[in-house]
């Protein structure tokens, strides 16, 4: 297999994982619908930052973490589920309304920070980076650190393309909600409910799967 074929295979797997709706995508969607495009893009940037850290872990190939992964997987999964449930609960309880003015710097920073944390505590991302990612880092293709940079940039670019599209598309729906606060509250609560539901399913998966 040539280096180009290796990268295409990695991209195929990466795209398939990112395009499937999950916690990261729902988080971007919720921020875009309730706070606008700026918050959605900030959330996307945060998830990209988290993806860069995951790529670093994969490139370093921390053998200790790979060894401890079976023991750490479920605790990480439960922590991530609890965090997403908390975000969902705040959306349900806050009765968010939409204004015609985009959120300020603080809301953008908050979305970025929460997006990064959401990505960093996602146990499935750790599983991918520690179990799948290293399989595409091969000495025959050159320096491992350089391959890690290339694959890390591919990961961030794919996240930007998919989640950025979700953010922009969802934010355009806000124009239909500005004049209808009650509908906006409902949308926020539905988004929060989806996050809570995903968190419950994630925790259930961890409970059913032995460490």
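Going from the residue with the fewest nearby Cβ atoms within 10 Å to the one with the most, 168, 28 rank 168, 28. The residue 161 and residue 7 beta-carbon pair, evaluated with R₀ = 22 Å, returns a calculated FRET efficiency of approximately 0.85. Subtracting the Cα-Cα distance of residue 153 and residue 52 from their residue separation scaled by 0.36 nm leaves 35.6 nm.
Note on residue 86 and residue 138: with the Förster distance fixed at 45 Å, the Cβ-Cβ geometry gives a FRET efficiency of about 0.65. Exposure proxy shown here: for 4, 171, the number of other Cβ atoms within 10 Å sets the order, fewest to most, as 4, 171. Residues 158, 118, 44, ranked from the fewest to the most other C-beta atoms within 10 Å, line up as 158, 118, 44.
We did not get these values from a lab; they are worked out from the coordinates using the rules stated. Given the structure is predicted, the values throughout are model-derived calculations rather than measurements. Note that we place each Cβ from the backbone using ideal geometry, even for glycine, and neighbour counts take in every protein chain shown.
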